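S.K.: Below is a structure I'd like to ask you about.
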Amino acid sequence: MIIVVLAPLIWVGISSFKSITDVHKVPIEYIPRNPTIDTYKFIFLDPRFGNWEKFIFNSLKISIITTLIVTSVASLAGYAFSRFRFKGASAMLILFLITQMFPGPSILIPIYRLIDKLGLLDTHTAIVLVDITLTLPFAIWLAIGSFENIPIDIEEAAYIDGCSPIKTFFRVILPISKIGLVSVAMYTFLLSWSEYVFSLVILSSETQRTVALQLGSMASEINVVWNEIGAATMVVSIPLLIFFLWAQKYFVKGMVAGAVKE
């Protein structure tokens, strides 16, 4: 399974170090005889490819803001749904699931018209709002599962020690549920970073483009330069790799940390 999943990424990485002649060579060279980094230089220095530093910054800004908002709201909502019993809770959770049943293109036109009426076309604010709308329902469900795995005895012990419900949530429950919230953050960041369809419709100027839009623009109907796309793919994968490496330590801490001490 690992080979099946990683094979396309490995092949894209190998192609990024080939010249355009070597990419189309028959028989295929699985290991390039004359590897080159010229393609990477072209991406950052050739004006034809645009300002990749700007594209990466745009995607990082959108993804980070979306992740912070969704993780914060999902943690509060997930805790409320898992601990408090109030009228309409089950209906709201079902409604969250129903919103996930509609494919993105089916709501593309209504969202575009709404963004247009709000005067947010060609802005990153619109993309952040769309990404929050698309990721928050499932993020709340993930958060609910995380909080329901925490024994309620821990909260009762905190109440006995004099903690208010708010202090209990922020000082006791959140640290324990870190592994679940990191999963929410990873899910949100990944979907926000790779979102393409709504960005294609809402963003029109080159300065507002994200890395997903720029990657899509590199594949034309007439020609696809695979070594250039491969190099660009490797570059835009670096922030994701850094984020997942950072999040990994929280997974490890969450698995070995004890909730209470004797």
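The values are calculated or read from the model by the stated rules, or taken from the named source; none is laboratory data. Nothing here was measured: the structure is a model prediction, and the numbers come from that model. Here the Cβ positions follow ideal geometry from the backbone for every residue, glycine too, while neighbour counts run over all protein chains shown. Heads up: the accessible areas ignore ligands, DNA and RNA and are worked out on the full protein's heavy atoms, side chains in. Shrake-Rupley method; radii C 1.70, N 1.55, O 1.52, S 1.80 Å.
S.K.: Which pairs, out of LYS25/LYS54; LYS87/LYS117; LYS117/LYS167; LYS117/LYS178; LYS18/LYS54, put more than 31 Å between their alpha-carbon atoms?
M.R.: LYS25/LYS54; LYS87/LYS117; LYS117/LYS167; LYS117/LYS178
S.K.: Given a 1.4 Å probe, how much area per residue of the chain is accessible, in Å²?
M.R.: Accessible area per residue: 60 Å².
S.K.: Hey, another quick one. Work out how far the C-alpha atoms of region 1-145 reach from end to end along every principal axis, then list the three figures in whole Å, largest first.
M.R.: 67, 42, 27
S.K.: Follow-up. Give me the percent relative contact order of region 140-187, please, defined on Cα pairs under 8 angstrom at least 6 residues apart.
M.R.: Result for region 140-187 is 55 percent.
S.K.: Next question. Over the chain, what percent of the accessible surface lies on carbon and sulfur atoms, probe 1.4 Å?
M.R.: Looking at the chain in its full context, I get 70 percent from C and S.
S.K.: Further, regarding this structure: Toward the positive end of the charge dipole of the chain, about the Cα centre and with charges on Cβ (Lys, Arg +1; Asp, Glu -1), which of ILE20, LEU129, VAL225 goes farthest?
M.R.: The residue sitting farthest along the positive end of the dipole is LEU129.
S.K.: For the chain, I need the span (max minus min coordinate) of the C-alpha atoms along each principal axis, in Å, sorted largest to smallest.
M.R.: 72, 50, 30
S.K.: A further question follows. Assuming a viscosity of 1.306 mPa s and a temperature of 10 °C, what translational diffusion coefficient in µm² per second does Stokes-Einstein assign to region 140-204, Rh being the Kirkwood radius over Cα pairs?
M.R.: 114 µm²/s
S.K.: Right, another one. In Å, what Kirkwood hydrodynamic radius results for region 44-119 from the alpha-carbon pair distances?
M.R.: 16.3 Å
S.K.: Hey, what does the equivalent ellipsoid look like for region 96-217, semi-axes from the Cα gyration tensor as sqrt of 5 times each eigenvalue, largest first, whole Å?
M.R.: 38, 14, 14
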